[in-house]
Every structure is written in structure tokens, then in C-alpha cells.
Amino acid sequence: MATTTNWPLLEADHVSVTFPLSGGLFSKKRVVHAVTQVTLKIRAGETLGLVGESGSGKSTLGRALLQLEKVSEGEVRFDGQRVTHGLKSEIARLRMQTAMIFQDPFASLNPRQTLGESIAEVLRVHQKVPRNDVPARVAELLTLVGLRPEQASVKPSQLSGGQCQRAGIARALAIEPRLIVADECVAALDVSIQGQIVNLLMDLREKMGLAILFIAHDLAIVRRLCDRVAVMYLGRIVEEGPAEEVFTRPRHPYTAALVAAIPDISPDKPLPEEPLGGEPPSPVAIPQGCAFHPRCPYAQVQCRTGALPPTRQIADHTWTCVLSHAGDETVVPLTGRSFDEAQAG
Ligand SMILES: Nc1ncnc2c1ncn2[C@@H]1O[C@H](COP(=O)(O)OP(=O)(O)O)[C@@H](O)[C@H]1O
Ligand code: SF4
Ligand SMILES: [Mg+2]
């Protein structure tokens, strides 16, 4: 993957996002801790997968990185320049060089505009090409995402979900972004169409050196597409590292449970019946200690007390857990067994 500078294209430094929760008249003011103390880096041309259950804060983090959500604490830097509380010019540069693709392919397009009008609008607002060259650039962008130039004259209602998502990607590419945040952008599509869109993103990454933050709950797709992967649980990143490393040797018990639930990841191993029991707790009342402890089959006394688990690291693979796995030890997802029983095999 291309790395053009010494610093990451995008960097989050201890970023938190909270939302006020409107309670009853006399109730104490409570907040939703959607994202807590997230630190991550995305390099130019790199694809970072962001995974975790629904409600873990993935979308909020994605929006906060692009300054579409107010950051309560911490700092975001784009291309080495601070954008949280930064200069207007830096925020404008972020807007000019980043784009977002959403889950609902129809929602990102105006139903009253043709595809051509909708892409041309972006080209005009961002003054990407001279007025006379707009139609040719629209045709070029449609071709780039695997649509036909003639489809510039159709409206979104005349397209399938997959075609609409391609058009949404063409619109995102119109600004010539260096980074795209793709938020569950294939989740609403049929499996075969999902594959086509993933191939398209891989292709664009090669052709344009695009960096992508790929938010998804489908780990099989993330494994295929991403260079690195970050796993979120209740607003925090609990594990991060090279995708292949994290998928074959998950270190955090939560990641291990997610990986065990991928049907095709280790066909020769019997899958645990219920790799991850229960629901995540509410982000309004995050458990003390390790937030995963109520669901963790490895949980020990110290996991339930006040201190956060330590961050551990082997090369560029990090995770936060009290368990110290030296060398090649792997976390085995457990079902109902205690940690000691599992260690005994
Ligand atoms: N605008 C908002 N106001 C209040 N709570 C929000 C808002 N946006 C998200 N949340 C809450 O923040 C948490 C994280 O949400 P989200 O980022 O959408 O998670 P994910 O994308 O992983 O499903 C959830 O509990 C969600 O209900
Ligand atoms: S710190 Fe404790 S509760 Fe948290 S994942 Fe590790 S073993 Fe489980
Ligand atoms: Mg989401």
C-alpha cells in the first residue's frame, strides 16, 4: 500500500464523543458514552476495518473523524494538521479530501435528481473541473464505478440497490478524496452484489491510492478487504492490528468470540454454539473495570474492579486485557467454561 508521508493521513488521539441523554425532570443528567478515548491511525492508501456489534460506536467514531460529529475530548489530525478546534482552512481541506458512503444506497442520492445532476453538483460545488468539462467527467466517474455513461440521465428509483451504491461511490469520488469512510456500505445489499462493491473498492484503492475506513459488522468481508482491523466494544477499541494477524490469532476474548462466529474462518474446527452470550450493556452505564467483563468467560476478579485492563502489544498488534498471552498463545473462545478449565484444555 502506498505511504507517501511520514505521518498518518488521519490520526485520532484519545477521542471521546458523548451525547446528552434527556431524562425526566428531576433525574440526574446522564450521558451516552458513544466513543471513549479512541486512538488510531490511518495511513495513505491503507484500508482499516472497524468492527463491533451494533451500538459499539462505529458510526459515531467515523463521523467524528470527519468532523461530522462534535468531539467531546481528544484531537483529530488530518494530514498532520489539527482539525478538532483547528483552523477553518484545515477543516475546509478535510472537507475537500474526505467523503462518506452510507448503508442505504438510496438515501445518499436525491430522488429528484438524475445521477448526472447529482454528480455534477459535487463537481461544481468543489470546482473540480471547468464547467464545459463536467459532462465528460460525469461519464468518466460513472464508468469508473462500473456504470454506463448513459445512466447519467436516470433517476435513483430506476436503479437496483447495487447500482445505486455504485452511483453513491461515484458521487463520493467526484471530490477526488484521499480518504473515504464507508459506513456499512454493503450491509443492505445481496451477497453477490456485496462482493461486486467490495471488488470495486479494492480496485479504486489500487487505482487511486484511496485510504478507506471500512465500518462493518461482517468480519468475512473485512478480512478480505482490509489491511488492518480495529475492534470496538462499548465505545473503546479493544484490539487493533494487521487484519490477518487479528483474524488468525485474536488476542482479546471479545475478538476471539467474534472471529469464532464467522462461518468460514476455520471450517475444520467445530464452532461454539453460542460464542458470545447476551447483549452489550448500555453505553449510559458502562461496567467498571473491563467493560466486557459481564460477558467474558475469562473474567477474573481484577477485571471487575475499577482499573482499566492494561494495553498489551506484540509488534503492531495491540489489545487491552489482563490476560498476558506471550508468544504464540491464542485466546480460545469459550462457552460457559471458566478460564482455568480452558487453560487446562
Ligand atoms: N445523536 C445521538 N444521540 C444520542 N445517542 C446517540 C446518538 N448517536 C448515537 N448514539 C448512541 O451512541 C451509541 C453508539 O452508536 P453508533 O455509533 O451508531 O454505533 P454503531 O455504529 O456501532 O452501531 C449507541 O448507544 C447509540 O444509541
Ligand atoms: S480484561 Fe478480563 S474481562 Fe476483560 S477481556 Fe480480558 S479477561 Fe475478559
Ligand atoms: Mg452504525
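Laboratory data are not the source of any read-out in this text; all were calculated from the coordinates shown. A quick note: this is a predicted structure, and the numbers were derived from the prediction, not measured. Cβ atoms come from the backbone with ideal geometry, glycine included; neighbour counts cover every protein chain shown.
Neighbours of Thr39 by Cβ distance under 11 Å: Lys/Arg scored +1, Asp/Glu scored -1, total -2. Once you have a ≥ b ≥ c as the square roots of the Cα gyration tensor eigenvalues for segment 43-136, tell me rounded if a/c is under 1.5, and otherwise prolate or oblate according to whether a/b is larger than b/c. Oblate, since a/c reaches 1.5 and b/c is not below a/b. Distance from the alpha carbon centroid of segment 198-252 to that of segment 299-313 works out to 26 angstrom. Counting neighbouring Cβ atoms within 10 Å and putting the fewest first, the residues Leu219, Leu21 line up as Leu21, Leu219. Here, segment 88-244 has an Rg and a Dmax of 16.0, 50 Å when only alpha carbons are counted.
Does segment 107-187 classify as rounded, prolate or oblate by the C-alpha gyration tensor (a ≥ b ≥ c root eigenvalues; a/c under 1.5 gives rounded; else a/b over b/c gives prolate, otherwise oblate)? Oblate. Distance between the pseudo-spin-label points of Ser192 and Trp7 (7 Å out from Cα toward the beta carbon): 4.8 nm.
All other residues with a Cβ under 10 Å from the Cβ of Gly146 taken together, and with Lys, Arg as +1 and Asp, Glu as -1, what is their net charge? Neighbourhood net charge equals +1. Applying a threshold of 30 Å to the alpha-carbon distances of Lys70/Lys155; Lys29/Lys88; Lys41/Lys207; Lys155/Lys207; Lys88/Lys128 flags Lys70/Lys155; Lys29/Lys88 as lying beyond it. Plugging the Kirkwood radius over Cα pairs into Stokes-Einstein for the chain, at a temperature of 4 °C and a viscosity of 1.567 mPa s, what D comes out in µm²/s? Result for D is 60 µm²/s.
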